[in-house]
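Colleague: Supplied in structure tokens, the structure appears directly below.
Here, each number is a calculation from the coordinates, and none is a lab measurement. Here the structure is a predicted model, which means the values were calculated and not measured. Cβ coordinates were reconstructed from backbone atoms using ideal geometry, including for glycine residues, and neighbour counts include every protein chain displayed.
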Amino acid sequence: MSRDRHTIPTPTFRWITAAALCLAAILAGGCRTAESGHISRMESLVRTVGPAEEAFVLGAGIISRESWSWQAPIVERLTPMGTICRMTIHHTAGEMTPGEGVGEVKDRLRRIQSEHEERMNAGDIGYHFIIDGAGRVWEGRSLSWQGAHAGNGAANAGNIGIAVMGDFDIEDVPPAQAAALRELVERASAAYGIGAAEIYTHREMKAMYSLEETTCPGARLQRIMDEMRRELAAKEKRPAR
């Protein structure tokens, strides 16, 4: 593996690329500007992980990417994240045993990472966070980089990808996993000013961009997300989607 394979783009390049992506997302109905209710975070376009993001990623027991990944991201396949303004919830669609140990979960994460890189030509695991059956939250792709989870580049722009391990068309979401998801969603919402109306499930995101239909995140997790968004919207005193 050559050193050039993982060279970080220059700040000027990253600024131009990320700014263009954010503009494209706005035009496509994605990230909104400060005038429409979101706080502008343009400074994040020219850095990796700044103080606020670092505290969010590494705080409150989130397990770092370095603890499970054996390889660096393939930087030339990655796109700077730009302004974070929404999130999408997924399931991994593989049955998950709540009692699986840390070592087994690490193996699962490496398999997902390899699948994403090989099948989708992605530069890393597609999700930014993954929650295992015991409710442990794992850091995936850095928030410095746009994910590969929502369906296409426009759908991924400014979009935090959260995957919950399991197949929730056929199994229930364990209480510890649901609680961890709720906490992570609330923390991300507070950190980036994401309202209940900007929290999507994968099936909703695909429908919004007229992409191939999916049942993700599974009917049982979908119900949990519907209830969670209603509760969050009530706190905001505005209607959820």
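Colleague: In region 170-201, which residue that is without any contact (Cβ under 8 Å) to a residue 60 or more places away in the chain and of a type in the set (D, E, K, R) is surrounded by the most Cβ atoms within 10 Å (Cβ to Cβ)?
Modeller: The qualifying residue surrounded by the most Cβ atoms within 10 Å (Cβ to Cβ) is Arg182.
Results for (1) within 15 Å of the chain's Cα centre (by Cα); (2) more than 19 Å from His128 (Cα to Cα), shown as yes or no for each residue.
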site	(1), (2)
Tyr192	yes, no
Gly195	no, no
His202	yes, no
Arg229	no, yes
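Colleague: Now a separate question. Counting residues that are of a type in the set (A, V, I, L, M, F, W, C) and out of contact with any Cys (no Cβ under 8 Å at 6 or more places or on another chain), which strands (runs of 3 or more DSSP E) fully inside region 96-213 reach at least 2?
Modeller: By residue number, 129-131, 137-139, 159-164.
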